[in-house]
Amino acid sequence: MSIEITNERMSSDTTKHHAWRTDPDGGLWEVSWLPTRRLDRNAAVTAMVLAETVAITTAGGGGLCHDDPVWAFIDAWASELGLTGAVAVASLGA
């Protein structure tokens with residue numbers, strides 16, 4: 001599990017999702033699973049952590065059960081993005 005973060009891009013070795021800077025000043029980022037949103041850098045990192053966590057949790061086709069302890073984290077990170085955990089997981093294709 002690893003997210004590589006540079007000044008221009010964020011990528012993960014666990015998920016296909018990635019983020020990239022959308023303006024020359026570096027204030028706005030876009031994340032592949034939230035294509036209509038422009039985020040600040042911190043929110044883009046949160047979105048990438050969320051994408052990676054969901055990918056790891058659902059690896060092997062197991063899916064996510066609502067009684068899984070990881071849901072508390074998913075809900076918290078999603079809330080930082082103005083989403084529910086369920087909407088975030090669905091948006092990630094999990």
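Taking the Cα centre of the chain as origin, work out the dipole magnitude from +1 charges on Lys and Arg Cβ and -1 charges on Asp and Glu Cβ, in debye rounded to 20.
Working: 6 positive and 12 negative charges, 42 e Å.
Computed charge dipole of the chain: roughly 200 debye.
Between the helical axis of 70-80 and the dominant principal axis of the chain, each derived from Cα atoms, what acute angle in degrees is found, rounded to the nearest 10?
30
Out of (1) 32, 29, 23; (2) 51, 28, 26; (3) 42, 26, 18, which label holds the value of Cα extents along the principal axes in Å that was computed here?
So the structure-derived entry is (3).
Give me the net charge for the shell around residue 37: Cβ to Cβ below 13 angstrom, other residues only, Lys and Arg +1, Asp and Glu -1. Could the numbers behind the result be given before it?
Details: positive: 38; negative: 30, 40, 80.
Around residue 37, the surrounding residues sum to -2.
Once each part is reduced to its C-alpha centroid, what is the distance from the stretch 49-88 to the stretch 1-29 in angstrom?
Cα centres, the stretch 49-88 to the stretch 1-29: 19 Å.
Treating the angle as unsigned and between 0 and 90°, give the value, to the nearest 10°, between the Cα long axis of helix 41-57 and the longest Cα principal axis of the chain.
Taking Cα atoms only, the helix is inclined about 30 degrees.
Computed from the coordinates by the stated procedures, all read-outs in this text should not be read as laboratory data. Treat the numbers as computed from the prediction; the structure is a model and nothing was measured. A quick note on method: Cβ atoms are made from the backbone with ideal geometry, for glycine too, and the neighbour counts reach across all protein chains shown.
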